[in-house]
Amino acid sequence: MDWKKQLKEILKKNNMSEEYIEETIEYTDDDLSLDEPIIRKRLNSEKDENKKDVDVPSCWSNLKNDEYAPAYPTVPKVPAGVYEIGWNANMGTHTLKKQPFKTDELYHLPSYEITDILKDIDNFWNRADNYKKYNYIHKRGILMYGEPGCGKSGIIQLISQQLIEKDGIVINVKDEDDVDKFTSFIATFRKVEPNRPLVVLLEDIDSLAGENRYQTARLLNILDGVKQIEGVVYIATTNYPEKLQERITNRPSRFDRRYKVDLPNEDIRRAYIQHKLNEDDLKNIDIEEWIKKTEGMSLSHLKEVVISVIVMGRSFEETIDNLEGLKKAPIIKGTGRVGFGK
């Protein structure tokens with residue numbers, strides 16, 4: 001392919017018009033190449049122009065009293081998905097930034113907690129009229145607690161998927177700054193989209209509202225403060241429920257339902273293994289031995305069993321021994337001497 005054909009391909013990839021491409025090819029000297037400054041300059045200038053096009057206002061915002069302001073392209077509603085609240089310094093306003101939706105653990109295990117939570121939330125969305133009929137704010141709070149790795153994050157993924165299928169929005173509140181952003185922004189969100197189903201994630205809520213009274217008060221301002229909003233489910237998780245004050249753990253209308261997510265039982269472990277392994281893998285293992293030897297392990301441990309044995313090719317016995325060894329805290333035996341070379 002000669003350099004003119006290469007140039008034509010490059011211009012096409014940069015979304016140049018056919019007229020522009022033909023003009024560029026026609027008026028470019030045959031002796032030039034793609035490395036010539038004049039060619040590189042023209043290509044770069046077009047790239048810059050294309051980049052500028054998405055960075056400038058392209059429509060008008062209708063203000064009060066017949067006043068109009070330049071605005072960026074608008075959409076009637078935010079696409080369904082998982083978001084975090086950000087701050088755009090150039091515009092001086094809060095924004096919603098879409099986040100990747102993880103689906104690596106997205107499946108419904110035969111767990112009472114999973115079934116009941118999904119059923120409760122689905123029932124909540126379907127009974128909005130009843131809340132209005134009896135003059136209650138249409139909101140719900142669910143608190144999940146249990147040991148790390150037992151599947152709380154997986155349940156959240158299922159809840160998120162359920163809401164996205166209903167064309168809803170999931171907002172992730174992960175730290176203290178997010179608490180402030182949410183408090184400042186949520187009223188504006190509801191003015192723009194008053195009826196959009198909304199789930200607010202408060203994972204590791206003990207880090208947001210533990211024993212610190214001020215932090216707890218800020219969180220309560222979200223759950224039942226002055227900026228109450230309709231059509232929302234708050235989903236909170238914690239590995240340390242003992243760190244939470246009773247006014248959070250024992251107060252319906254803040255968290256109406258509490259679920260302890262236990263270590264997976266035999267049925268759940270079997271379902272997890274059968275879900276992760278294909279038919280050939282299942283023929284090459286003793287699934288009953290796997291289920292027996294993984295008793296008392298979390299879903300995170302089961303995940304490592306599958307990765308270590310099936311993906312990495314290690315033996316099942318070696319993998320179990322390694323996981324058992326992880327239960328012992330690592331210790332470096334001291335010599336009693338201090339400093340380098342002592």
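The values are calculated or read from the model by the stated rules, or taken from the named source; none is laboratory data. All values derive from a computational prediction rather than experimental measurement. So basically every Cβ, Gly included, is an ideal-geometry build from the backbone, and we count neighbours across all protein chains shown. For accessibility, only protein heavy atoms count, side chains too; no ligands or nucleic acids. Shrake-Rupley method; radii C 1.70, N 1.55, O 1.52, S 1.80 Å.
Of (1) at pLDDT 90 or above; (2) over 15 Å from the mean Cα position of the chain (by Cα); (3) under 20 Å from LYS243 (Cβ atoms), VAL173 satisfies all except one. Which?
Failed condition: (2).
Within the group GLY141, GLY146, GLY151, which residue is more than 18 Å from the chain's Cα centre (by Cα), at positive phi and of a type outside the set (Lys, Arg)?
So the residue among GLY141, GLY146, GLY151 that is more than 18 Å from the chain's Cα centre (by Cα), at positive phi and of a type outside the set (Lys, Arg) is GLY146.
Determine which member of the set ASP256, ASP267 is touching a helix residue (DSSP H, G or I) at 6+ places or on another chain (Cβ under 9 Å) and either acidic (Asp, Glu) or modelled with pLDDT under 90 (or both).
Answer to the check: ASP256.
Can you tell me which residue within region 119-177, out of those that are outside any strand (DSSP E or B) and of a type in the set (Val, Ile, Thr), is most open to solvent (accessible area, probe 1.4 Å)?
Only one residue fits best here, namely ILE137.
If you go through region 77-94 one residue at a time, how many are closer than 19 Å to ASP167 by Cα and either over 16 Å from the mean Cα position of the chain (by Cα) or surrounded by 12 or more Cβ atoms within 10 Å (Cβ to Cβ) (or both)?
The total comes to 8.
Out of curiosity, is LEU326 under 26 Å from LYS152 (Cβ atoms), modelled with pLDDT under 90 and open to solvent by 80 Å² or more (accessible area, probe 1.4 Å)? Write out each step before concluding.
Values: under 26 Å from LYS152 (Cβ atoms): yes; modelled with pLDDT under 90: yes; open to solvent by 80 Å² or more (accessible area, probe 1.4 Å): yes.
Answer is yes for this residue.
With respect to ASN284, determine if the residue is among the polar types (S, T, N, Q) and over 20 Å from TYR145 (Cα atoms). If you could, list the steps in order and put the result at the bottom.
Numbers: among the polar types (S, T, N, Q): yes; over 20 Å from TYR145 (Cα atoms): yes.
Against the criterion (among the polar types (S, T, N, Q) and over 20 Å from TYR145 (Cα atoms)), ASN284 qualifies.
Within region 250-269, is there a residue that is basic (Lys, Arg), more than 17 Å from ILE142 (Cα to Cα) and surrounded by 17 or more Cβ atoms within 10 Å (Cβ to Cβ)?
yes
So, GLU36, is that one farther than 30 Å from TYR145 by Cα, of a type in the set (D, E, K, R) and at pLDDT 85 or above or not? Don't jump to the end; show me each part of the working.
On the way: farther than 30 Å from TYR145 by Cα: yes; of a type in the set (D, E, K, R): yes; at pLDDT 85 or above: no.
No, not satisfied.
In the list TRP60, TRP3, which residue meets the criterion of being modelled with pLDDT of 65 or more and surrounded by 10 or more Cβ atoms within 10 Å (Cβ to Cβ)?
It is TRP60.
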